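The values are calculated or read from the model by the stated rules, or taken from the named source; none is laboratory data. The structure presented is a predicted model; accordingly, all values stated were derived computationally and were not measured. Glycine also receives a Cβ, built like all others from the backbone with ideal geometry; neighbour counts cover every protein chain displayed. The protein model used for the area step is the full one, side chains on, heavy atoms only, and it has no ligands, DNA or RNA in it. Shrake-Rupley method; radii C 1.70, N 1.55, O 1.52, S 1.80 Å.
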Amino acid sequence: MTNFLPKQQWTMAALLAAGTFSNCFSQDKTFQSEKTSFRTEIIETGIGVPWGMEFLPDGDILVTDVSGKIRTIHDNKLLPEPVQGVPVVYHRGQGGLFDLELHPDYKNNGWIYISYAAPDNAEKPTGGITYVMRAKLKNNTLTDQQVLFKGAPFSRGGVHFGGRLEFGKDGYLYFSIGERGEKEKAQSLETINGKVYRIKDDGSIPADNPYINTPKVISPAVYSWGHRNPQGLALNPVTGEIWETEHGPMGGDELNIIGKGKNYGWPAITYGIDYNGKPISADSVKAGMEQPVIFWRPSIATSNLVFIKGDKYPAWKNNLLVCGMKFEYLERLEIKDNKVTHQEPLLKGIGRVRNVEQSPEGFIYVAVDGGKIVKLIPVQ
């Protein structure tokens, strides 16, 4: 993908968002964005880090708490009893319970997909391993549990787990695993680190995966590589492509379109520098490595993203919403021909935006560290 745009054009939203924010989201408010008006409805859950959200057919919302619990929101209130049967998680550093994803045919088969960091040793854990499993929810308990994918332990056990889940238009499950702080391994197909994976709903491997018959590749589930810490995956409903956001270091957060067998360059090419102020690479472009659709400098600490579907927000239809944790805002991106043509920061000062999802009814929900779930309701 070569539709890269100059970096000077894509730092504006982060610069607008930089500064001191007041705690302006303690109550419901009405906002006027560039193209629409909306009001916020705040659900106070008390969940420390609400990492994943999914909407059940009965209207309840499942929310993962990174500490290791799945909670249920019913009629805008958090139910007191967590979901039972959740596997033991490795809750250290960035590790914990991550994402939830319903099977596209959930109403008929009941499968829920869950990603999490599991301890590498039950008695004396020294690190965490990214797992993907599926289960069914019966009487507030996870049943029929099946582990579909197991990563590998790493020496730096507490960082860059990835962990986002997304079903593609092809019916396959895409999921991400970060490079776990061992950046050089993202450039090796012989390691788990820094990859986006694709499997069938039962964990088996699609026959057209790019490395299914390639010797020495760590797993036939590998779909793309050269990623740092991808914590956002979203299906573009117009094109059917999977879009991804990933954390850079000091700058260099990326928005990518995931392509079969593509190498996204980390750490051989990057638009960020290391936390010690030294360059990670002298190069930002190399042959055979993909350029991002855009990147952010300074880093906004991207998390999840979602394409806006339906007619609840007609002026925003097919726009992309991206979470920004560092500068505490949600960013709206207008897309044309797979290029970003405009950016607008929304809800500045809301807090560290961990997740954004769209409900089956079409409403946008934003999850914020500290426990707020914010519903955006269009105003005529």
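In segment 355-380, which residue that is open to solvent by 10 Å² or more (accessible area, probe 1.4 Å) and not in a loop (DSSP other than H, G, I, E, B) is farthest from Val322 (Cα to Cα)?
That would be Val379.
Do we find a residue being out of contact with any Gly (no Cβ under 7 Å at 6 or more places or on another chain), within 15 Å of Arg180 (Cβ to Cβ) and not in a strand (DSSP E or B) anywhere in segment 129-140?
Looking for residues that are out of contact with any Gly (no Cβ under 7 Å at 6 or more places or on another chain), within 15 Å of Arg180 (Cβ to Cβ) and not in a strand (DSSP E or B), one finds none in segment 129-140, hence no.
Taking the criterion of being without any contact (Cβ under 8 Å) to a residue 60 or more places away in the chain, open to solvent by 20 Å² or more (accessible area, probe 1.4 Å) and more than 17 Å from Leu165 (Cα to Cα), would at least one residue in segment 242-249 satisfy it?
Within segment 242-249 (the criterion being without any contact (Cβ under 8 Å) to a residue 60 or more places away in the chain, open to solvent by 20 Å² or more (accessible area, probe 1.4 Å) and more than 17 Å from Leu165 (Cα to Cα)), the answer is no, since none of the residues qualifies.
Give me the residue from segment 317-336 that is farther than 14 Å from Leu255 by Cα and of a type in the set (D, E, K, R) and, out of that set, least open to solvent (accessible area, probe 1.4 Å).
The residue in question is Glu328.
List the pairs whose first member sits in segment 201-216 and is at positive phi, whose second member is open to solvent by less than 80 Å² (accessible area, probe 1.4 Å), and whose Cβ atoms are under 6 Å apart, counting only residues at least 6 apart or on separate chains?
Listed by first residue and then by second, the contacts come to Gly203/Leu148.
Can you tell me which condition Leu346 does not meet? The list is (1) crowded, with 23+ Cβ neighbours inside 10 Å; (2) in contact with an Asp or Glu (Cβ under 8 Å, 6 or more places away or on another chain); (3) in contact (Cβ under 8 Å) with a residue 60 or more places away in the chain, and all the others hold.
Condition not satisfied by Leu346: (1).
Just to be sure, is Gly127 of a type in the set (Gly, Ala, Ser) and either open to solvent by 50 Å² or more (accessible area, probe 1.4 Å) or more than 21 Å from Val159 (Cα to Cα) (or both)?
When the stated conditions are applied, Gly127 does not pass them.
Look through Lys262, Lys286, Lys312 and report the one residue that is open to solvent by 10 Å² or more (accessible area, probe 1.4 Å), basic (Lys, Arg) and closer than 22 Å to Phe363 by Cα.
Residue meeting the stated conditions: Lys312.
Give the residues of segment 70-116 that are open to solvent by 50 Å² or more (accessible area, probe 1.4 Å) and on the phi > 0 side of the Ramachandran plot, sorted by residue number.
The answer is Asp75, Asn76, Gly93.
Exactly one condition in (1) within 21 Å of Asn193 (Cβ to Cβ); (2) open to solvent by 10 Å² or more (accessible area, probe 1.4 Å); (3) in contact (Cβ under 8 Å) with a residue 24 or more places away in the chain is false for Arg297; which is it?
The number of the failed condition is (1).
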